[in-house]
């Protein structure tokens with residue numbers, strides 16, 4: 001057994017392996033100081049809820065407390081490895097400032113109360129609004145961090161019980177484009193590829209995906225391939241010098257907002273060079289001719305002029321992609337949160353379709369998620385979709401859902417697509433939504449243009465309910481605050497970005513009077529006396545397992561079929577990829593083998609949207625265009641971003657994450673090792689841009705856009721000239737003096753992609769000015785994309801408190817990895 005500083009060395013020791021081999025086991029663990037393995041009374045099965053990778057682990061319990069974690073060696077996702085958030089984030093559950101009793105607002109102040117008072121107030125206000133206005137008065141805004149059983153229950157309550165169309169999740173901020181791009185190309189959500197494709201690929205392409213920080217264990221898998229025999233080539237598309245960029249065979253750093261132009265340039269070269277599978281295109285796709293015509297307008301010279309990447313590097317990247325024998329691509333926020341998000345992500349799907357690289361080992365695309373259970377939000381209908389990938393525009397799908405819920409079809413709102421998050425907040429601003437129930441998320445820090453969001457949440461006449469672990473910035477504005485159970489304090493299933501379903505079991509009791517989100521929703525449903533058409537309870541389940549069984553029936557026969565999965569099977573087997581049913585009892589590694597898609601007009605989840613206007617495609621149009629249910633190749637022209645740089649605002653501002661924090665630091669900010677690694681906000685500038693304003697490493701600067709100002713210390717890096725980066729994790733105020741705003745979303749714009757409705761966080765015009773020179777470096781990690789140019793900056797280390805164990809795993813009983 002070895003020990004490592006898991007802050008200074010977040011990816012750990014290499015376990016090299018070659019193409020087609022199984023990823024070797026390495027078990028990572030971390031126990032509380034003074035606790036040894038012999039002191040652990042129980043190990044309880046769990047999965048990470050601090051990123052989207054789905055790392056399987058065991059929770060260590062002693063004296064009724066969580067005292068550590070270890071990776072699960074037999075799990076397909078991580079093979080025992082854990083990232084820094086896995087290793088240290090569990091400590092937040094025991095933080096002194098956990099919410100333990102409900103709060104209600106009395107005379108302007110939040111005061112403690114009992115559950116009956118709090119829930120009666122919520123149910124009473126709901127009934128009043130239904131009587132006065134009807135379902136349109138009610139809005140629900142949830143998260144990507146609950147569990148499947150909780151999302152499904154919420155979707156049944158909102159859509160089937162209250163008949164409101166206003167239900168969405170903060171997955172709209174991070175993963176809506178993943179779903180939209182899959183629906184545009186394949187007419188249904190569901191990741192085509194598998195993490196195991198990394199074991200077989202000879203080229204791995206990461207488009208706007210800083211895997212090293214957002215999915216650190218998956219990046220460890222890539223690093224182990226790179227360290228083994230016959231390593232893959234690696235393409236990175238990112239304006240920042242991320243660890244992925246530093247390891248890449250080829251790094252393209254496009255100007256923010258120009259991803260469509262870059263992708264069109266790459267496709268131009270691939271098609272013109274003949275690196276396509278014409279037989280696959282003809283047999284399994286529609287729309288290729290339009291793509292071929294469109295990309296002729298984007299030779300490398302024109303693409304280079306738009307995106308600021310040299311034409312020869314575009315050609316080199318196209319050769320790499322076009323000659324790959326097994327290509328695996330991943331996509332994340334660099335595309336999703338930028339201008340023309342869905343159009344750009346769709347072009348990555350097109351790359352795989354024209355090359356015929358789907359459904360085989362090493363040939364897959366992963367439109368990645370940003371949150372641990374974002375996939376469940378989408379599957380269960382809690383994020384602007386209907387449960388089990390049903391099509392809101394297909395009356396037969398509505399009738400089937402009504403049959404499952406035993407209600408009349410007209411109780412399910414389907415007059416228009418479910419309302420997306422940005423529109424929900426707009427309706428609240430206008431006064432038509434008068435109650436907003438927020439569960440497990442902190443929009444007062446995470447949504448764009450925060451001054452506007454704060455004013456909406458504080459608006460007179462809006463009844464705000466917040467369900468969370470702590471008194472977040474959002475909870476402080478609520479009328480009722482409900483204390484929720486955390487990870488390890490409840491049971492449920494979680495599905496990761498490659499469709500792997502895990503069971504996460506309760507290890508300890510929640511503190512005080514805190515309840516699981518499922519119990520809260522069940523309490524609300526009972527108080528509202530929601531009934532089916534026979535007078536029985538609409539929500540007829542009582543615990544997580546019975547909720548899961550109800551969900552299985554809802555999913556049966558749909559693309560995300562869970563009908564072959566049970567809690568017992570998950571306990572026995574670990575992670576299982578859906579679809580899993582009688583025909584596929586062991587799950588499904590990859591979708592779309594042999595060119596079989598979920599795109600039949602009568603079966604598909606979506607008929608698609610116009611990539612420019614966002615207008616839904618009519619059913620009759622879709623049937624005429626794709627009667628045989630093939631994959632759809634959609635072309636897109638590059639359009640200029642709505643907000644342009646100018647003399648007053650000469651820089652492109654982008655926001656994003658760091659390895660050591662998750663979202664608004666509600667939990668990671670309470671883990672000492674993670675908080676010390678990235679304690680406060682910073683802004684990344686190139687050496688040329690810093691020199692332009694007379695700033696050096698660590699100087700205090702002000703970042704301004706037309707919407708606001710933020711002060712942060714400068715980190716001078718190898719970031720592309722003309723681009724500034726702010727991490728979005730940090731709340732309103734500078735914690736030292738409480739006078740200056742520091743949240744990145746003070747600056748971002750209220751604008752969204754027309755197809756996915758995902759806000760644009762990576763295309764804003766900004767100016768940076770020097771406030772004062774300082775003699776200490778920025779509080780940014782040195783191990784990540786924020787690595788400084790200044791060699792004298794002390795490296796990020798965790799010290800003795802960040803030591804974690806890592807040991808090579810014993811051989812397992814798992815079958816050998818696929819070979820081909």
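The values are calculated or read from the model by the stated rules, or taken from the named source; none is laboratory data. What you see is a predicted model; the values in this text were computed from it and never measured. Cβ placement follows ideal geometry from the backbone for every residue including glycine, while neighbour counts extend to all protein chains displayed.
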Does any residue in the stretch 768-780 that is in contact (Cβ under 8 Å) with a residue 12 or more places away in the chain come within less than 6 Å, Cβ to Cβ, of a residue that is surrounded by fewer than 12 Cβ atoms within 10 Å (Cβ to Cβ) six or more places away or on a different chain, and which pairs are these?
770/694
Quick check on the stretch 632-647. Is at least one of its residues assigned to a strand (DSSP E or B) and either outside the structural domain of residue 279 (by TED's automatic domain parsing) or touching a residue at least 60 places away in the same chain (Cβ under 8 Å) (or both)?
yes
Show me the strands (runs of 3 or more DSSP E) found entirely inside the stretch 2-66 where at least 2 residues are over 20 Å from residue 225 (Cβ atoms) and in contact with a helix residue (DSSP H, G or I) (Cβ under 8 Å, 6 or more places away or on another chain).
26-31, 56-62
Out of all the residues in the stretch 473-485, which are surrounded by 24 or more Cβ atoms within 10 Å (Cβ to Cβ) and assigned to a loop (DSSP other than H, G, I, E, B)?
474, 478
Is there a residue being touching a residue at least 24 places away in the same chain (Cβ under 8 Å), under 25 Å from the mean Cα position of the chain (by Cα) and not in a helix (DSSP H, G or I) anywhere in the stretch 450-463?
no
Does the stretch 164-183 contain any residue that is surrounded by fewer than 23 Cβ atoms within 10 Å (Cβ to Cβ) and part of a helix (DSSP H, G or I)?
no
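Return yes or no: is residue 155 farther than 22 Å from residue 468 by Cβ, in contact with a helix residue (DSSP H, G or I) (Cβ under 8 Å, 6 or more places away or on another chain) and not in a loop (DSSP other than H, G, I, E, B)?
no
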Could you list, in sequence order, the residues of the stretch 394-412 that are part of a loop (DSSP other than H, G, I, E, B) and surrounded by fewer than 20 Cβ atoms within 10 Å (Cβ to Cβ)?
406, 408
Taking the criterion of being more than 22 Å from residue 82 (Cα to Cα), modelled with pLDDT of 95 or more and surrounded by 18 or more Cβ atoms within 10 Å (Cβ to Cβ), would at least one residue in the stretch 798-817 satisfy it?
no
Somewhere in the stretch 137-148, is a residue part of a helix (DSSP H, G or I), within 29 Å of the chain's Cα centre (by Cα) and at negative phi?
yes
Would you call residue 330 part of a helix (DSSP H, G or I), touching a strand residue (DSSP E or B) at 6+ places or on another chain (Cβ under 7 Å) and touching a residue at least 60 places away in the same chain (Cβ under 8 Å)?
no
Just to be sure I understand, how many residues within the stretch 219-254 are farther than 21 Å from residue 294 by Cα and outside any helix (DSSP H, G or I)?
21
If the requirement is being closer than 16 Å to residue 685 by Cβ and more than 23 Å from the chain's Cα centre (by Cα), which of these qualifies: 780, 744, 765?
765
With the condition kept exactly as written, say whether any residue in the stretch 505-513 is in a loop (DSSP other than H, G, I, E, B), within 23 Å of the chain's Cα centre (by Cα) and over 19 Å from residue 191 (Cβ atoms).
yes
Name, by its number, the condition in (1) surrounded by fewer than 23 Cβ atoms within 10 Å (Cβ to Cβ); (2) touching a helix residue (DSSP H, G or I) at 6+ places or on another chain (Cβ under 7 Å); (3) not assigned by TED's automatic domain parsing to the domain that holds residue 486 that does not hold for residue 564.
(2)
Given the criterion crowded, with 22+ Cβ neighbours inside 10 Å and touching a strand residue (DSSP E or B) at 6+ places or on another chain (Cβ under 9 Å), identify the matching residue among 660, 607.
607
I'm trying to understand the selection: among the residues of the stretch 664-698, which are part of a loop (DSSP other than H, G, I, E, B) and either buried (at least 22 other Cβ atoms within 10 Å of the Cβ) or on the phi > 0 side of the Ramachandran plot (or both)?
664, 665, 666, 667, 671, 678, 681, 694, 695, 697, 698
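This table checks each residue for (1) touching a residue at least 12 places away in the same chain (Cβ under 8 Å); (2) more than 30 Å from the chain's Cα centre (by Cα); (3) farther than 23 Å from residue 358 by Cα; (4) not in a helix (DSSP H, G or I).
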| position | (1), (2), (3), (4) |
| --- | --- |
| 289 | no, yes, no, no |
| 293 | yes, yes, yes, no |
| 297 | yes, yes, yes, yes |
| 301 | no, yes, yes, no |
| 309 | yes, no, yes, yes |
| 315 | yes, yes, yes, no |
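Would a scan of the stretch 413-432 turn up a residue that is farther than 22 Å from residue 336 by Cα, assigned to a helix (DSSP H, G or I) and without any contact (Cβ under 8 Å) to a residue 40 or more places away in the chain?
Looking through the stretch 413-432, at least one residue is farther than 22 Å from residue 336 by Cα, assigned to a helix (DSSP H, G or I) and without any contact (Cβ under 8 Å) to a residue 40 or more places away in the chain.
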Do we have any residue at all in the stretch 539-555 that's assigned by TED's automatic domain parsing to the domain that holds residue 135, part of a loop (DSSP other than H, G, I, E, B) and in contact with a strand residue (DSSP E or B) (Cβ under 7 Å, 6 or more places away or on another chain)?
no
Condition met for residue 352 (over 26 Å from residue 624 (Cα atoms), out of contact with any helix residue (DSSP H, G or I) (no Cβ under 6 Å at 6 or more places or on another chain), crowded, with 21+ Cβ neighbours inside 10 Å and touching a residue at least 24 places away in the same chain (Cβ under 8 Å))
no
